[in-house]
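In what follows, a single structure is set out as structure tokens and then discussed.
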Amino acid sequence: MKKDGTIPSFFLLNLESNIFMEKLFIYNTLSRTKEEFKAINAPFLGMYVCGPTVYSDVHLGNCRTFMSFDIIYRYLLHLGYKVRYVRNITDAGHLEGDADVGEDKISKKAKLAQLEPMEIVQKYTVGFRDIMAMFNTLPPSIEPTATGHIIEQQEITKKIISNGLAYEHNGTVYFDVEKFAKTNNYTALTNRKLEELLENTRELDGQEEKKGRLDFALWIKAKPEHLMKWPSPWGVGFPGWHIECSAMSTKYLGEQFDIHGGGMDLQATHHTNEIAQNIAYCGKSPANYWLHTNMLTVNGQKMSKSLGNSFLPMELFTGNHPLLKKGFSPMAVRFFMMQTHYRSTLDFSNDALEAAEKAYNRLMESYKTLQLLKASVTSSENVPALERECYNAMNDDFNTPVLIASLFDAIRMINSAYDKKATLTQADIDLLNNIYQHFVFDIMGLKKEEETGKANVALEGVMKLVLELRDKAKVNKDFATSDDIRNKLTAAHIQVKDSKDGVTWSI
Ligand code: AMP
Ligand code: ZN
């Protein structure tokens, strides 16, 4: 990598390839154009992605965003960057409706479940990591939590107050948006007019203490019944939702870093406010490139917990959902996600999943066929050109659907050679193996089925069946059979727990 952040041609030798690397172009939400990527301090690269709010199981929409950034992370690593990838865990400060008033999502769940908020955080953080591992997404370099960075959030808040861009009122600290907007472009990410925003924002109940209606909270006074609260110079309270990302990105990546990402739904408020906070704090916009992933939809509507149209990954793996015809392996789902570019919406349907599963199986079958090919002295195919196309696709804003189209060209070449309708030299066969290794396994993060959590998925299915049989026995008052099932499961190290909410099992 050159000092200016571009990738030199010698890099290709590292890749044991003989093509010239194209430049990497990334669509930057800030400029609304594709820009040539230049790292601030190559080969080091800092990337921050807003992580999940851990108050319930992640749904497939969330997974789409994290898988998209996983592919981006993997490609940057492949290009030779030494990436520090920070993805936070939001475990405090995210209120219902993404607002400044109301209940904390985690506290609400804790009260309902009669658990400590940190038990909720632990449960869903572990669940999130398990699902991410099943999808073969790489863990980030640092996974900081909002509750672990209360001091840092307070320090930034203090500085913004002393810089005259925030004010305290009755124990709550607000960011003064209109004052900030006098000398800065508050809406740089969305290009919306401030007047328009003001017109569309109505005064909300309980927020009369704000000077301006666009002002948002950096620190919020805790009501006595609020569970997660900390002492501060402004009294007992908790941080606002946006300040955690300013605090954690600055702490681990510095005041200016390369890439900031998240779902498109975070662009207008969360990220707009994050940029404003950073500029108000240190005079610098945090990231050079802002990347936003588009939404996973169901019948054209955003998949979300609140709309009640979300699918959980486990439901998809087991097929245990009324709208699913069957289960799909994590790798087939991952492939499904990659068939669409990360900036386009992706609609979720049985048919699309089935098509993706078939295509994924073809890609994997073809790899097996590749291992059986016999080399010829001459070649009738242009494999180096195909490799170049793969790089071109990824260098064009990580265009995975175009990459997949090129990989299907590779399948065609492999099958033709196997059927003796075409010839490949040993160098071609080696290069095709490299293409698989680099693009299919390293960058797309696909694994051969036998390496996946297929066994886990199968166990889920079997357990569903066994517990249904036990349930049936109970309904028929055949308690001998239902107890027998339970005891035999215990002997097999599977604990079954009956509660008023239903039956659960664990290993
Ligand atoms: P949350 O847990 O609600 O804070 O969301 C975690 C991440 O998932 C954020 O980056 C959201 O933008 C993203 N997200 C939420 N819903 C969807 C969806 N339907 N499709 C894609 N990404 C989503
Ligand atoms: Zn964030």
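Read-outs throughout are calculated quantities, based only on the coordinates presented, and are distinct from any laboratory measurement. Being a predicted model, the structure only gives us computed values, none of them experimental. All Cβ positions, even for glycine, are placed from backbone atoms using ideal geometry, and neighbour counts span all protein chains on display.
Distant-in-sequence amide contacts of ASP176, defined by a placed amide H-H separation under 5 Å and a gap of 5 or more residues or a different chain, comprise ALA166, TYR167. Computed from backbone phi with θ = phi - 60° and the Karplus coefficients 6.51, -1.76 and 1.60, the 3J(HN,Hα) list for segment 431-447 is 5, 5, 5, 5, 4, 4, 4, 6, 7, 7, 8, 6, 8, 6, x, 7, 10 Hz; x is used for glycine and proline. Modelled this way, with points 7 Å down the Cα-to-C-beta line, the labels at GLN267 and LYS284 are 2.6 nm from one another. Per-residue packing, averaged as other Cβ atoms within 10 Å, sorts the ranges 360-372, 144-156 into the order 144-156, 360-372, beginning with the highest.
A simple packing score, the average count of other Cβ atoms within 10 Å per residue, orders the peptides 470-476, 271-277, 211-217 as 271-277, 211-217, 470-476, with the highest score first. Note on the chain: with charges restricted to the Cβ of Lys and Arg (+1) and Asp and Glu (-1), its dipole about the Cα centre is near 440 debye. Length available on full extension from LYS305 to ILE494: 0.36 nm per residue minus the Cα-Cα distance, which gives 65.0 nm. A dipole drawn for segment 9-293 from +1 and -1 charges on Cβ atoms has a positive end, and of PRO43, GLY171, ILE151 the residue lying farthest that way is PRO43.
Over the chain, DSSP H runs of length four or greater, each weighted -39,500 (n - 2.57), average out per residue to a 222 nm ellipticity of -13500 deg cm²/dmol.
For the chain, the equivalent ellipsoid derived from the alpha-carbon gyration tensor has semi-axes of 42, 35, 18 Å in decreasing order. Residues whose amide H comes within less than 5 Å of that of PHE44, counting only those at least five positions distant or on another chain, are LYS82 (H built at 1.01 Å from N in the peptide plane). Between PHE479 and ILE142, the contour length at 0.36 nm per residue exceeds the alpha carbon distance by 116.3 nm. Peptide packing: for 95-104, 248-257, the average count of neighbouring Cβ atoms within 10 Å per residue gives the ranking 248-257, 95-104, highest mean first.
Using a simple spin-label model with pseudo-atoms 7 Å out from Cα toward Cβ, LYS23 and GLU208 lie 5.7 nm apart. Placing a label point 7 Å from the Cα of PHE44 along the Cα-to-Cβ direction, the residues of segment 66-80 whose backbone N falls under 20 Å of that point are 73-74, 76-80. On a 21 Å Cα-Cα criterion, which of the cross-link pairs LYS111/LYS305; LYS158/LYS251; LYS123/LYS223; LYS326/LYS497; LYS105/LYS251 come out too long? Over 21 Å apart, Cα to Cα: LYS123/LYS223; LYS326/LYS497; LYS105/LYS251. For the pair ALA133 and LYS325, label points projected 7 Å from Cα toward Cβ lie 3.3 nm apart.
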